[in-house]
Amino acid sequence: MPEEVPISGGEVGAYTVPTRSFRVERPESDGTVRWDKTSLVVVQLTAGSQTGLGYAYGSPAALDVIRDVLLPSVLGSDPFDTTRTFWRMAGAVRNLGWPGVCAGAISALDSAVHDLKARLLGVSLTRLLGGARTSVTAYGSGGFTDYTIGELEEQLSGWAAAGLSAVKMKIGTDPDADLARVTAARSAIGDDVGLFVDANGAYERKQAMRFAEQFAELGVTWFEEPVSSDDLAGLRLIRDRAPAGLRVAAGEYGYTPSYFHQMLAAGAVDVIQADATRCGGPTGFLLAAAQATGAQVPASSHTAPALHASLGAALPNVVNAEYFHDHVVIEELFFDGLPELVNGELVPDRGAPGHGLTLKSADAHPYLTAEWRSS
Ligand SMILES: [Mg+2]
């Protein structure tokens, strides 16, 4: 029997890491946003002799929410009561607003509680959550709109050469340049590698419908956020009108279970994306994936590949995991115990307890902007 001990201690750090591409620090862009750094919070919770780790990409303000609002619901709780703790946290942020910063804070904590539970049981997170298979298919993701054509070709063809079966590029910053960029990407990776595009909501409806036809002719099979994810009717329109073989994907701004219900009920997507560092850790991710199962829509994980390897391998309807450039850089820097990338599959260590990740504190320390630990 595992130890019966409450969660007794918490430690949280906020980190900010400059973006890097092609071995230099430089800003990156997609169709609607430009950024030069990535922030994340890392939480460690202890119960008995074990420590669970969780993290979320998002505002450093999540540290304040964790310390002041959420940890009172978590400290002293039973680490096996993951569902109870999740809903207590959701209740605690009612008046602050669940989506956004609070959702990131809940996500980091929920991941840490799940990791702790699995470690106390001595099983991997993948096996704890259902163990559907031994790996999840990864796709390379980057291709930012401020890359030159040469840089775009180098990054995407590098992933293809490494065995990834599909790659994704950003579009939408300069619509006049998009067809040339997608054409260059297609010739760089060859015809046998899947090509995904992500407009991050940059296009208008009619513009997106025209691009859907043109991208499909270039063998693009995944059109992410062709219009804003706030426009569910627009996503539905493009989904219904797009050529067969071109899937419309969205869902990365899903913070609550109801968000996924609304997107699926609107028939807005062919693939629903969920991000466990936004939608509530493993608890929220399972709730999203279950709703996708009911709607007969496959699911895909958004960013954070080190965490999603464990979740994607656990759930049968997660068709792929985003191997996102920025987060690959950070996760290699911050964590030991990363899932292996083998023949285009992310393979979590089913023999290691929890998700297997541990924080490399000394390596992460230069990026630390704030920290707090319970007494
Ligand atoms: Mg996206």
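FYI, it's all coordinate maths here, none of it is from the lab. On a predicted model such as this, the values are computed, not experimentally measured, just so you know. Positions of Cβ are generated from backbone atoms using ideal geometry, with glycine treated the same way; all protein chains shown enter the neighbour counts.
Here are some notes:
- Dipole-positive endmost among Gln262, Leu333, Ser187 within the chain (Cβ charges, Cα centre): Gln262
- Potential lengthening between Ile149 and Arg236 on full extension [0.36 nm per residue; Cα-Cα distance subtracted]: 28.2 nm
- Folded to 0 to 90 degrees: helix 281-294 orientation relative to the chain principal axis, Cα: 50 degrees
- From the Kirkwood radius over Cα pairs of the chain, Stokes-Einstein at 4 °C and 1.567 mPa s returns a whole-number translational diffusion coefficient of 63 µm²/s.
- Relative to one another, the C-alpha centroids of the stretch 163-220 and the stretch 1-71 are positioned 32 Å apart.
- In a fully extended conformation the segment linking Arg210 and Asp68 would gain 46.2 nm over its present Cα-Cα distance, using 0.36 nm per residue.
- Spread over its residues, the convex hull of the C-alpha atoms of the stretch 182-264 is 94 Å³ per residue.
- Dipole check for the stretch 127-347: with +1 at the C-beta of Lys and Arg, -1 at the C-beta of Asp and Glu, and the Cα centre as origin, the magnitude is about 820 Debye.
- Residue (of Phe80, Ala103, Ala161) at the positive-pole extreme of the chain, dipole from beta-carbon charges: Phe80
- Against the chain, whose longest principal axis comes from its Cα atoms, helix 205-217 is set at around 80 degrees.
- Ranked by how many other Cβ atoms sit within 10 Å of their own Cβ, fewest first, the residues Glu252, Glu151 fall in the order Glu151, Glu252.
- Computed magnitude of the charge dipole of the chain (debye, nearest 20; Cβ of K, R +1, Cβ of D, E -1): 760 debye
- For the chain, calculated [θ]222 nm from helices alone, where every DSSP H run of n ≥ 4 adds -39500 (n - 2.57): -11000 deg cm²/dmol
- Helix 149-161 vs. the chain, principal-axis angle (Cα, 0 to 90°, nearest 10): 60 degrees
- Peptides 91-102, 7-18 ordered by average Cβ neighbours within 10 Å, highest first: 7-18, 91-102
- Given their separation in residues at 0.36 nm each and the Cα-Cα distance between them, Asp78 and Ser49 gain 9.0 nm when the chain is fully extended.
- Here the dipole of the stretch 1-64 is about 420 debye; that uses its Cα centre as origin and unit charges on the Cβ of Lys and Arg (positive) and Asp and Glu (negative).
- Estimated inter-spin distance, Val329 and Leu179, nm [label 7 Å along Cα→Cβ]: 3.2 nm
- Amide H within-cut-off set for Glu224, under 5 Å, with H built and near neighbours excluded: Val197, Asp198, Ala199, Ala249
- Positive-end residue, the chain charge dipole about Cα centroid, Cβ charges, pick of Ala352, Val65, Phe324: Val65
- Note on Glu371 and Trp87: their simple-model spin labels are 3.6 nm apart, each label 7 Å out from Cα toward Cβ.
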